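One structure below.
The values are calculated or read from the model by the stated rules, or taken from the named source; none is laboratory data. As the structure is a computational prediction, the values presented were derived from the model and not from experiment. With ideal geometry, Cβ positions are generated from the backbone for all residues, glycine too; neighbour counts draw on all protein chains shown.
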Amino acid sequence: MAKTFCIANQKGGVGKTTTAVNLAAGLVAQKQKVLLVDLDPQGNATMGSGIDKANLENSVYQVLIGMASASQALQHSVEAGYSILPANRDLAGAEVELVDLENREMRLKLALDAVASQFDFILIDCPPALSLLTLNGLCAADGVVVPMQCEYFALEGLSDLVNTIKQVHANLNPSLKIIGLLRVMFDTRITLQQQVSEQLITHFGDKVFRTIIPRNVRLAEAPSFGVPGVIFDKSARGAQAYIEFAGEMVERIKTM
């Protein structure tokens with residue numbers, strides 16, 4: 001059965017989608033079968049996987065409101081090697097429509113249960129807000145991977161996210177936990193980032209992944225070519241870091 005993880009942070013612009021697509025591709029390089037779920041109406045993970053979000057017959061929107069099954073909506077990213085449950089702007093409407101539906105927080109989990117046996121990992125790219133979409137992601141997941149920049153405001157957002165995860169754990173999903181914190185867009189030349197990194201290790205210990213993702217222009221360029229950075233330029237520092245991170249994730253799962 002697949003291990004299901006949310007890539008989540010309530011702060012925007014912290015590299016959630018970059019982490020989701022590159023971790024998915026990195027896990028494929030580790031011989032894992034991976035499903036990436038795009039739960040953001042912007043559809044960036046869909047585009048970054050080479051899928052045309054403008055011409056989707058079925059997407060995660062149809063899956064959530066019960067018009068299609070997960071298997072009907074699945075697409076395969078040929079170059080990246082993983083499957084994807086894609087998203088587009090239709091998903092923004094799901095926020096309103098889910099309110100009146102039965103099991104509104106559990107609809108993604110119920111849909112993924114039907115295909116989970118086909119995969120080793122399911123990764124859910126969450127939107128940057130605590131919404132019904134994010135709640136569906138958290139209820140479907142075994143754990144949360146938190147990408148974060150080592151900056152002061154990121155620490156503020158982290159405490160909010162930890163509280164949210166505790167509430168979901170207590171009320172909706174008792175198996176939910178933080179798998180780890182991933183330091184992204186890291187610049188070793190900035191003293192503050194080094195200080196915040198040290199604070200994270202002091203407070204969270206081995207919950208902080210050893211791998212650090214450096215700030216890297218090749219990772220930023222990759223989405224415009226419709227491929228993850230680890231496919232676009234395997235030799236880039238950022239790509240190498242994500243491949244290393246995928247290996248660390250596989251090892252961490254073995255000890256869970």
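How many of the residues making up the range 97-116 are farther than 15 Å from Leu172 by Cβ, among the hydrophobic types (A, V, I, L, M, F, W, C) and modelled with pLDDT under 95?
Qualifying residue count, the range 97-116: 2.
Here is a yes/no grid of residues against (1) within 18 Å of Ala246 (Cα to Cα); (2) of a type outside the set (Phe, Trp, Tyr); (3) more than 18 Å from the chain's Cα centre (by Cα):
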{"site": "Thr164", "(1), (2), (3)": "no, yes, no"}
{"site": "Gln167", "(1), (2), (3)": "no, yes, yes"}
{"site": "Leu172", "(1), (2), (3)": "no, yes, yes"}
{"site": "Ile178", "(1), (2), (3)": "yes, yes, no"}
{"site": "Asp187", "(1), (2), (3)": "no, yes, yes"}
{"site": "Gln194", "(1), (2), (3)": "no, yes, yes"}
{"site": "Ser197", "(1), (2), (3)": "no, yes, yes"}
{"site": "Ala220", "(1), (2), (3)": "no, yes, no"}
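Scan the range 234-256 residue by residue and report those that are in a loop (DSSP other than H, G, I, E, B) and under 16 Å from Gly143 (Cα atoms).
Thr255, Met256
Suppose the filter is on the phi < 0 side of the Ramachandran plot and in contact with a helix residue (DSSP H, G or I) (Cβ under 7 Å, 6 or more places away or on another chain); does Val162 pass it?
For Val162, the condition - on the phi < 0 side of the Ramachandran plot and in contact with a helix residue (DSSP H, G or I) (Cβ under 7 Å, 6 or more places away or on another chain) - is not met.
Residue check: is Arg252 more than 16 Å from the chain's Cα centre (by Cα) and farther than 17 Å from Thr17 by Cβ?
yes
Select the helices (runs of 4 or more DSSP H) contained entirely in the range 1-114, then report the ones holding at least 2 residues which are under 30 Å from Arg183 (Cβ atoms).
In the range 1-114, 16-29, 44-47, 107-113 are the helices (runs of 4 or more DSSP H) which contain 2 or more residues that are under 30 Å from Arg183 (Cβ atoms).
When you check Val63 against the structure, is it buried (at least 23 other Cβ atoms within 10 Å of the Cβ), more than 26 Å from Gln30 (Cα to Cα) and either touching a residue at least 60 places away in the same chain (Cβ under 8 Å) or not charged (D, E, K, R) (or both), yes or no?
When the stated conditions are applied, Val63 passes them.
Pull up the range 66-99, narrow it to residues that are among the hydroxyl-bearing types (Ser, Thr, Tyr) and surrounded by fewer than 16 Cβ atoms within 10 Å (Cβ to Cβ), then point me to the one that is farthest from Leu35 (Cα to Cα).
The selected residue is Ser69.
Looking only at the range 33-49, decide whether some residue is under 23 Å from Phe209 (Cα atoms), surrounded by fewer than 23 Cβ atoms within 10 Å (Cβ to Cβ), at pLDDT 95 or above and in contact with a Phe, Trp or Tyr (Cβ under 7 Å, 6 or more places away or on another chain).
So far as the range 33-49 goes, yes, one or more of its residues are under 23 Å from Phe209 (Cα atoms), surrounded by fewer than 23 Cβ atoms within 10 Å (Cβ to Cβ), at pLDDT 95 or above and in contact with a Phe, Trp or Tyr (Cβ under 7 Å, 6 or more places away or on another chain).
Of these, Gly15, Gly66, which one is on the phi > 0 side of the Ramachandran plot and under 12 Å from the mean Cα position of the chain (by Cα)?
After ruling out the rest, the residue left standing is Gly15.
Mind listing whichever residues of the range 100-126 are buried (at least 23 other Cβ atoms within 10 Å of the Cβ) and either farther than 17 Å from Leu35 by Cα or not hydrophobic (A, V, I, L, M, F, W, C) (or both)?
The answer is Asp125, and nothing else.
Counting only residues that are among the aromatic types (Phe, Trp, Tyr) and either assigned to a loop (DSSP other than H, G, I, E, B) or modelled with pLDDT under 95 (or both), how many does the range 117-128 have?
1
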